[in-house]
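The values are calculated or read from the model by the stated rules, or taken from the named source; none is laboratory data. Since we're looking at a predicted model, the values are computed, not measured. With ideal geometry, Cβ positions are generated from the backbone for all residues, glycine too; neighbour counts draw on all protein chains shown. Calculation scope for accessible area: heavy atoms of the full protein, side chains included, ligands and nucleic acids excluded. Shrake-Rupley method; radii C 1.70, N 1.55, O 1.52, S 1.80 Å.
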Amino acid sequence: GDADAMYAWAGISALGFENQISDQQALEFLKKAVAKNHVPSMIEMGLLYSIGKLVPRNREKAIEYWSMAKNLGSKEAEVRIAISNLNDSTVSKNAKADFQILKDNADKGSIFAETALGYCYEKGVGTKEDKAMAIRFYRQAAQRGNETAYNSLKRMYDEQIGRAHV
């Protein structure tokens, strides 16, 4: 019945390290932990809905779970909502505000927000495209251990080298 334990067991199962519980049981553990106001479980449920793992893909449900976590003070949930809004141009009515949320959270040390800013600058999402700024944010996050940022940085460098040899 412990929310932290249910969250951990569901995560271990999702990663394939624990086969004693089914995916459905892992999902039920997360739902029970959410009912106990367990913020990491809310964020995880939002992620599952955003990518369609264990549940049908549903952006609205993802936002619903992240909003619950945000209302309980989660900055990570706030960042995830902003990223989701920026990536869905039909939803983002205020791209500047969503982009500012990423900047504010990156300034406060969020590796996730730094990586997201790298993406925004690389692709021109919510801001003007700026490859140098993309590299800066990807590098900052990669140096702090973010694998997505590292891979994005590597890809950008590889693309640059590929262009130089053409």
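Considering every Cα-Cα pair within the range 8-166, what fraction, in whole percent, is farther apart than 20 Å?
Working: 7071 of 12561 pairs.
Percent of Cα pairs beyond 20 Å in the range 8-166: 56.
If you line up the long axis of helix 59-71 against the longest principal axis of the chain, both from Cα atoms, how many degrees apart are they, to the nearest 10?
80
How large is the helix-only mean residue ellipticity at 222 nm for the chain, computed as the sum of -39500 (n - 2.57) over DSSP H runs with n ≥ 4, divided by its residue count, in deg cm²/dmol to the nearest 500? The partial results should precede the final answer.
Working: 9 runs with 121 residues, N = 166.
Result for the chain, helices only: -23500 deg cm²/dmol.
Which lysines, if any, have their Cα less than 27 Å from the Cα of LYS103, not counting same-chain residues under 8 positions apart?
The reachable lysines, counting only those whose Cα sits under 27 Å from LYS103, are LYS61, LYS70, LYS75, LYS93, LYS123, LYS128, LYS131, LYS154.
Might you tell me the accessible area per residue for the chain, computed with a 1.4 Å probe and given in Å²?
Computed with neighbouring chains in place, this is 58 Å² per residue.
Given the options ALA113, LEU54, GLY1, identify the residue whose Cα lies farthest towards the positive end of the charge dipole of the chain (+1 on Cβ of Lys, Arg; -1 on Cβ of Asp, Glu).
Final value for the positive-end residue is ALA113.
On C-alpha positions alone, give me the angle between the axis of helix 75-87 and the longest principal axis of the chain, in degrees, nearest 10.
The helix 75-87 is inclined about 60 degrees to the chain.
Out of all Cα-Cα pairs in the range 1-92, roughly what percent, to the nearest whole number, are more than 18 Å apart?
Working: 1780 of 4186 pairs.
So the portion of pairs separated by more than 18 Å is 43 percent.
Compute the long axis of helix 111-123 from its Cα atoms, compare it with the longest principal axis of the Cα atoms of the chain, and write down the angle in degrees, 0 to 90, nearest 10.
Between the helix axis and the principal axis of the chain, the angle is about 40 degrees.
Taking the Cα centre of each part, how many Å lie between the range 1-50 and the range 59-79?
16
Just to confirm a number: summing +1 for Lys and Arg and -1 for Asp and Glu over residues other than SER41 whose beta-carbon lies under 12 angstrom from that of SER41, what do you get? Show your work: numbers first, answer last.
Details: positive: LYS31, LYS32, LYS36; negative: ASP2, ASP4, GLU28, GLU44.
Overall, the nearby charge balance is -1.
Roughly how many debye, to the nearest 20, is the charge dipole of the chain about its Cα centre, given +1 on each Lys and Arg Cβ, -1 on each Asp and Glu Cβ, and no other charges?
On the way: 23 positive and 21 negative charges, 91 e Å.
Using only the charged Cβ atoms, the result is roughly 440 debye.
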